[in-house]
Every structure is written in C-alpha cells, then in structure tokens.
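K.L.:
Before we start, here is the structure in question, set down as structure tokens.
The values are calculated or read from the model by the stated rules, or taken from the named source; none is laboratory data. Computed from a predicted structure; not experimentally measured. Quick reminder, even Gly has a Cβ in these numbers, built from the backbone with ideal geometry, and neighbours come from all protein chains shown. Keep in mind that these areas ignore ligands, DNA and RNA; they rest on the heavy atoms of the full protein, side chains included. Shrake-Rupley method; radii C 1.70, N 1.55, O 1.52, S 1.80 Å.
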Amino acid sequence: MVTKIEKIEGKKADEKVIRAAGEILKNGGLVAFPTETVYGLGANALDEKAARKTYQAKGRPSDNPLIVHIARMEDLPAIVKKIPKKAAAAAEKFWPGPLTMIFEKSGIVPYGTTGGLDTVAVRMPDSETARRLILAGGGYISAPSANLSGRPSPTSAEHVREDLDGKIDMILDGGPVEIGVESTILDMTVDPPMILRPGAVTKDMLEPLIGPVSVDRTLIQPDSAAAPKAPGMKYRHYAPRANLQIIDGERKQTIAVINRLAEEKIKAGFLVGIIATEESVGRYECGNIKCVGSREDERTIAAGLYRILREFDEDGVDYIYSESFSEDGIGMAVMNRLLKAAGHQVIKAES
Ligand code: TXA
Ligand code: MG
C-alpha cells in the first residue's frame, strides 16, 4: 500500500484533504493524524474490522484496548451506558484536551475496539485538525498512538512515517505536537476515580473539581505482584533499542556518575548517549550528549523526550544514561514513561 502524506496548514484550504481523509476512515481505512499529545492512528471506532487493521499495522496485542476519540460532547451518550456527574464536570473543564476517561460502554462499541472489555476509553482532543477529521470520519475514531508497538510514541509526522509507511492509507502532517506525552487516563467506573496513566492533566488539577482521585500505584513504583489497571501499561512500551539507565541524585553527583559510566563504556568500545538538560548539558565530557529541555519548565522535557529516544535509536547507541526529573506537574508523566523505557533501572548517585 502507498501511504499518502498530506500537509495540514490549519486553514480553510485543507478542507479537501480533511474530507478525503474522512472518506478513508468511513470506508474502514487508517489515517494517522496530529493531536496535542502525540500522533494518533485513526480508524472507525464502531467497525470491528477497522480495529483489527489497527492492531495489525501497529503489531499490537489485541487485548490492549483503543481510545475512542470524539469531537463534540453531544456524541458521548451514544457510546457509554451513563455519564457520572464527576465525569461531566471533568469533561466540562478539560475537554477538549489531554484527558481520557473510562466509562461503561454501550452496545454500539464493538469488543474489537475495547479489547474485550465492557468499558470504553473516550477522549476529545484539543487539536482542531483532529476534531475536524473525527467529524469527517463519522464522529467516533479510535486512535492509539501511531507508532509500532514497543517504539516511542510519535511526536511528529516523520516519526509516524518511520514506523508505518506502507502500512496505512494516509498521514496528516500537522508539524510537531505540543505536549509530547500521551493523555492522562482517568477511570470513572470506580469511586474515587483513578488515574491509570499520568499525563498533562494532573491529580492536583482534577481534585478541586471532582474530589479525591487515586493513582494506580504500579505507575511509578514497579510492583511485580500487581498488574496495572490499563492493559497497555503492562507492556514494556516506549523502549529504545539501547540499554537505558536513569541516574538519580544530587545534580553534581549525578553528572559525575554519568561521566564515569560513559567513559567506561566508551573505553570498552560502546556508543553512549546521554540525556541532559539545558542546566547540565555543558558539564558532560564524552558521548553523544542531547539536551531534552529545561528543568525550569517540565513541559519542555515532556515535549522532547520521545524525539530524543528515537534519535538515539537512529544513532545506534548501545547505552543511554539519563538524569532523573522532577515529578511535579507533567513531570510525573515524564518519569513514568522514562522508567518504563528504562525497564525501571535506576542507579542512585551517592555523595
Ligand atoms: O494521548 C493519547 O491518549 C493518544 C492520542 C493519539 O490520543 N492515544 C494513546 O492511545 O495514547 P494508546 O492506544 O497508545 O494508549 C491507550 C491506553 C492503553 O494503555 C490502554 O490499555 C488504555 O489506554 N485503555 C484503553 N481503553 C481502556 C479501558 N477500557 N480500560 C483501561 N484502560 C484502557
Ligand atoms: Mg501507545
């Protein structure tokens, strides 16, 4: 299959492209599109066959459910059994935006889309291109991140092309995304509601609105006895090809440990990547050093993380050493993804 790539300028001129992409979706095809979090791989969420194609293109296990994307609040009731009051309040404030909520599903949502579950994850993305495409495609578009299963989520159309060229019908290129990590997933079928995946909408932002929110404890602390509640969180996602380790400690000690480890590995003939920040990048002495963002603003680190992991894959490094980041705000999402990419390998930098 030839994958068509169409640039989106965000103007009226794109109307024809959006309409053509919508037709592909209505006919059971696959279209990758930008959202504010990461690029999604769109398909008709109410068509079991389209869901199967999605799993096939990504190489994703079919017990890992998809998120149904909608563009208007009035489209929600048809796909869920009921809308809890707290969910309505959260939607009012955070939709459109980087929040996914889990509901009990209605009969029209096929089990092929929900991975066999009686619940359905729903999100209304903020990206205008995304919402226009959803409407053009019939209103209910399932969209996992548009990467091959096991690779970092795509934050640009180029990343999607690397993974899915020749496997899907079209890629809408809307440039780099804004946020860079996937949406927060909030389970509204339990009380108190529970965060199953941290993202840009945090517990602190939700609680003033809907009261106490719990957090799936397997997200940051690995706990072999407990399976994560979101099926997808159990897979070793976001895995770079290199062995990634996180070095945690005071800034000075961290840099010293990374310099020492990098030197050892380079002497032994390996290629080494280092994930640094604007504040530390000048203090590394060897290796392939990349600056992910600034500690002054966790959002810049979220925006750069997946791109850097992909760059290291391309550079063919054998080891990656990363600094550890603050868990404030979107930092919890950053550390959750980084820990997963590292298979939870953390080295303490002692003074
Ligand atoms: O930001 C995002 O959410 C992006 C963009 C494209 O919207 N999408 C995304 O989809 O990250 P995906 O498929 O890569 O991740 C969906 C996650 C998986 O971990 C899956 O297990 C979980 O959501 N999930 C989906 N439906 C669920 C359900 N009914 N119950 C529990 N977890 C669910
Ligand atoms: Mg994904």
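K.L.:
Determine, yes or no, whether ILE168 is open to solvent by less than 30 Å² (accessible area, probe 1.4 Å), over 17 Å from PRO231 (Cβ atoms) and either within 12 Å of ligand 1 (Cβ to nearest atom) or touching a residue at least 60 places away in the same chain (Cβ under 8 Å) (or both).
P.N.:
Criteria met by ILE168.
K.L.:
Specify the residue that is nearest to the chain's Cα centre (by Cα); the eligible residues are those in segment 198-233 that are closer than 22 Å to ILE308 by Cα and at pLDDT 95 or above.
P.N.:
GLY199
K.L.:
Same structure again: Find all pairs meeting these conditions: Cβ atoms under 7 angstrom apart; at least six residues apart or on different chains; first residue within segment 7-33 and in contact (Cβ under 8 Å) with a residue 24 or more places away in the chain; second residue of a type in the set (Ser, Thr, Tyr) and surrounded by 12 or more Cβ atoms within 10 Å (Cβ to Cβ).
P.N.:
ILE8/THR129; GLY10/THR129; LEU30/THR54; ALA32/TYR39; PHE33/TYR39; PHE33/THR129
K.L.:
With ILE24, ILE5, ILE18 as the choices, which residue is in a strand (DSSP E or B) and of a type in the set (A, V, I, L, M, F, W, C)?
P.N.:
After ruling out the rest, the residue left standing is ILE5.
K.L.:
Filtering segment 39-63 down to residues that are part of a loop (DSSP other than H, G, I, E, B) and open to solvent by 10 Å² or more (accessible area, probe 1.4 Å), which residue is farthest from ILE179 (Cα to Cα)?
P.N.:
ASP47
K.L.:
Please find, among ILE266, ILE274, the residue that is in contact with a helix residue (DSSP H, G or I) (Cβ under 8 Å, 6 or more places away or on another chain) and modelled with pLDDT of 95 or more. Don't jump to the end; show me each part of the working.
P.N.:
Values: ILE266 fails: in contact with a helix residue (DSSP H, G or I) (Cβ under 8 Å, 6 or more places away or on another chain).
After ruling out the rest, the residue left standing is ILE274.
K.L.:
Separate question: Looking only at residues that are in a helix (DSSP H, G or I) and open to solvent by 10 Å² or more (accessible area, probe 1.4 Å) in segment 297-314, which one is nearest to VAL160 (Cα to Cα)? Break it down stepwise before answering.
P.N.:
First pass over segment 297-314, keeping only residues in a helix (DSSP H, G or I): 298-314.
So of that shortlist, the ones also open to solvent by 10 Å² or more (accessible area, probe 1.4 Å) come out as 298-300, 303, 307, 311, 313-314.
Details: GLU298: 25, ARG299: 22, THR300: 21, ALA303: 16, ARG307: 12, GLU311: 14, ASP313: 15, GLU314: 14 Å.
Top of the filtered list is ARG307.
K.L.:
Given the conditions (1) outside any loop (DSSP other than H, G, I, E, B); (2) within 13 Å of ligand 1 (Cβ to nearest atom); (3) closer than 21 Å to ALA303 by Cα; (4) among the charged types (D, E, K, R), which single one is not true for GLU158?
P.N.:
(2)
K.L.:
Counting only residues that are of a type in the set (A, V, I, L, M) and either open to solvent by 30 Å² or more (accessible area, probe 1.4 Å) or touching a helix residue (DSSP H, G or I) at 6+ places or on another chain (Cβ under 7 Å) (or both), which one in segment 64-83 is nearest to ligand 1 (Cβ to nearest atom)?
P.N.:
Selected residue: LEU66.
K.L.:
Let me ask you something else. Residue by residue through segment 168-189, note down the ones that are within 16 Å of ligand 2 (Cβ to nearest atom) and either part of a loop (DSSP other than H, G, I, E, B) or among the aromatic types (Phe, Trp, Tyr) (or both).
P.N.:
Going through segment 168-189, the residues within 16 Å of ligand 2 (Cβ to nearest atom) turn out to be 168, 177, 179-185.
Hits for segment 168-189 are ILE168, VAL177, ILE179, GLY180, VAL181, GLU182, SER183.
K.L.:
Looking only at segment 130-155, count how many residues are within 16 Å of ligand 2 (Cβ to nearest atom) and touching a Phe, Trp or Tyr at 6+ places or on another chain (Cβ under 6 Å).
P.N.:
Going through segment 130-155, the residues within 16 Å of ligand 2 (Cβ to nearest atom) turn out to be 130, 141-155.
Now narrow it down to the ones that are touching a Phe, Trp or Tyr at 6+ places or on another chain (Cβ under 6 Å): 130, 146, 152-155.
So the answer is 6.
K.L.:
Which members of segment 256-281 meet the condition of being assigned to a helix (DSSP H, G or I) and open to solvent by 10 Å² or more (accessible area, probe 1.4 Å)? Give the steps one after another, and end with the answer.
P.N.:
So the first thing to find is which residues in segment 256-281 are assigned to a helix (DSSP H, G or I), and the list is 256-267, 281.
The answer is ALA256, VAL257, ASN259, ARG260, LEU261, GLU263, GLU264, LYS265, ILE266, LYS267, VAL281.
K.L.:
Could you tell me whether LEU148 is more than 11 Å from ligand 1 (Cβ to nearest atom), open to solvent by 30 Å² or more (accessible area, probe 1.4 Å) and among the aliphatic types (A, V, I, L, M)?
P.N.:
Here the answer is yes, as LEU148 does meet what is asked.
K.L.:
Kindly list, by first and then second residue, each pair from a residue in segment 93-122 that is among the charged types (D, E, K, R) to a residue that is open to solvent by less than 10 Å² (accessible area, probe 1.4 Å) and within 10 Å of ligand 1 (Cβ to nearest atom), limited to pairs with Cβ atoms under 8 Å and residues at least 6 apart or on different chains.
P.N.:
GLU104/VAL120; LYS105/THR114; LYS105/VAL120
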